[in-house]
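Have a look at the structure below before the remarks.
No value in this document is a laboratory result; all are computed from the given coordinates. Note that the structure is a prediction, hence the values are computed from the model and not measured. Cβ placement follows ideal geometry from the backbone for every residue including glycine, while neighbour counts extend to all protein chains displayed.
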Amino acid sequence: MKINQDFTIQKVGGSYVAVAVGETSKSFHGMIRLNETGAFLWKKMAERDVTEEELVDALLEEYEIDRETATEDVHKMVEALRAYPIFL
């Protein structure tokens, strides 16, 4: 999965927000709030097309977390993002 390039992510205070720009901003008027881990995963998905397994591996490299927790966290985030026009 890859993040639609019509979204940009910015740090605001202690969290991150993703907002639509370009053509997508005509149909999506909200913002998506992310924590640090969510922003990390978002950036990985914005770089290139990745699988959930690749995101799990990236989390394991970046954070001290076990594989089961990383897998659950990645899956929850991906499922939550499917409600928005995020993925290409």
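Odds and ends about this structure:
- Dividing the mean sequence gap of close Cα pairs (under 8 Å, 6+ apart) by how many residues the chain holds gives a relative contact order of 32 percent.
- Within the chain, helix-based [θ] at 222 nm, where runs of 4 or more DSSP H residues each add -39,500 (n - 2.57), nearest 500: -13500 deg cm²/dmol
- Neighbour-count ranking [beta-carbon atoms within 10 angstrom, fewest first] of PHE87, PHE40, PHE28: PHE87, PHE40, PHE28
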